[in-house]
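Single-structure report; data block below.
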């Protein structure tokens, strides 16, 4: 595939193929310019792949590179290199992308520049981990050429996708792309030291079929250096590069905001910014009022003066989130409401009467639509609260990969889906359960029912954000079904509500004893739900019919927490009296009464093998004990106050030689931390801490909920500060 741009040998600027002089430095361009960094472009070719027998010939399919990577095909060329699709023979033949730097025909100066840029990109990406960045797996040299091995991304560049889409994209898609780009840019800008990408444009963004985007090509990204007057050389792409990138000042995060604004403008209008340098026409408006607000935001993002642009990309993200929610809420036509089941414990509305049921619901509860939309995407800059001194062996972490600002008021519950794709969270004020993409922070999209009275169409399916209204009820706990298709919420009115992520359908479980449903747990096989009923009892019901199976009445005081053993045989429950009970999930027979806590037990969790239980309480401890006998094994005392959340790392990433990695959340004014720790045998009888403690201090309020990702690498934590923060725990 021929290169889509000409690169300046002097400054590295990207220019149109027909250009004769560089837009950035006015240097004369060669007819086929080489670049000090190379670009990956998706391509398909029917030409035969040649054997590498002469300089410049590509690698042949099945060629084993570095005694490990089996070449599948060449998928792109550009600048100084080529890109190959390959299989990693050491890791189950996973697909990878391999960048190759071609040194043929380069002058000594060009070779030095190209090598430096190539190594710079590899080293920079190696230290970065983010869902919107490709991961670096390997880099090496072989037969005089340099290679970087990274994630293979199945998709097109946004530039190519835009060309296939009649030169403009739907506004909802652009807003979703913008949100993901804001997320990754915020990660780069808050990195220490900050990283400025400097070349944001559609050609440097890869898009998959499900609209997940990746930022690629870090050849000219640089660390921000405080106090530096300007960049050494101007770099970037004409039309997308901010004015300061022409050598007038140092590039800052505001330079990337300019490039983001130019990119989003092109996606919305189809206008190439390189043809009208520094001039952007307003996005054509439709009847939706968001276009005036969107144009105002874009205008601010591409201001000539850096000081007039948004102060941070996080501010841009919040505004895009608000516009996306408003856009979804203001679509003309249907009134949207998910299907509700009502009949005894679990009611089912027949197809013939569903339109009447929905219409009645909307008439009786006209504020339900207001509760659903618009979504309150408003966040504030976090102010770190003082925390307890860290142990000497602790590693401190304060920056999340990204922060979800979808809730107003405290976040009360957070749960990661078994597939790892989604996170569900609930807040105190917005009365909703929100399901969002764990990689991007964007709301999931689910079907919903719609009524079209004017068109005499009673029922149809529409798509809407996964904002599930709880009818002004607080949510104390969330639980996913084992297959990840349903999310259940424990409400404050003796009710459990469950929603299908695939269809948006709602199932309502009404419990016979009045009181708050403080906790719930879904059986590992997905067939049963256990939830607190009447404060002191636990009812086990069918997850499909709502039929009561039995009621457990072993507690004398309020039950605050529940957990189902991974093998499905037992349930453990903790009470306000400090007692934790283990009981048979089929019969309700109590097998263990654990009395190690001196105050209320707020959280319980099983080990992945169902052999141990960890319980956290108001006494400030997390205690680990044998599930079969109640024998105490280890007590963690790292928190300064109440422990409100405990989560056990899931397989397969348990530490070698350690019993577990446990995350515990502090719920005290002086301890808004999540602490990750492990324990193991110190002797035949004693247990002790193993390895380093990780202390996360990103929250400005008490931690209310903690959940591990299924792969055991990340943690999502909810807090009274109104945020859910996702961060790397490995």
Could you list 408, 704, 587 so that the one with the fewest beta carbons within 10 Å of its beta carbon is first and the one with the most is last?
587, 408, 704
Give me 728, 661, 327, 395 ranked fewest to most by other Cβ atoms within 10 Å of their Cβ, as a rough exposure proxy.
395, 728, 327, 661
Give me the one-decimal nm value for the distance between modelled label points at residue 590 and residue 107, 7 Å along each residue's Cα-to-Cβ direction.
8.6
Relative to the present Cα-Cα distance, how much length would full extension add between residue 68 and residue 548 at 0.36 nm per residue of separation?
167.1 nm
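Neighbour counts of other C-beta atoms within 10 Å: give me 291, 91 arranged from fewest to most.
Details: 291 18, 91 10.
Going from least to most buried by this count: 91, 291.
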Estimated distance in nm for a label pair at residue 502 and residue 123, the labels positioned 7 Å out from Cα along Cα-to-Cβ
5.0
Efficiency of FRET from Cβ geometry, residue 210 and residue 281, R₀ 22 Å, rounded to 0.05:
0.10
The Kirkwood hydrodynamic radius of segment 156-329, taken as the inverse of the mean 1/r over all distinct Cα pairs, in Å, comes to 16.1
Defining a contact as two alpha carbons under 8 Å apart and six or more residues distant in sequence, what relative contact order in percent does segment 156-329 show?
25
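Only the coordinates and a few stated rules stand behind these numbers; no lab work does. Nothing here was measured: the structure is a model prediction, and the numbers come from that model. Glycine gets a Cβ as well: all are built from the backbone with ideal geometry, and neighbour counts include every protein chain shown.
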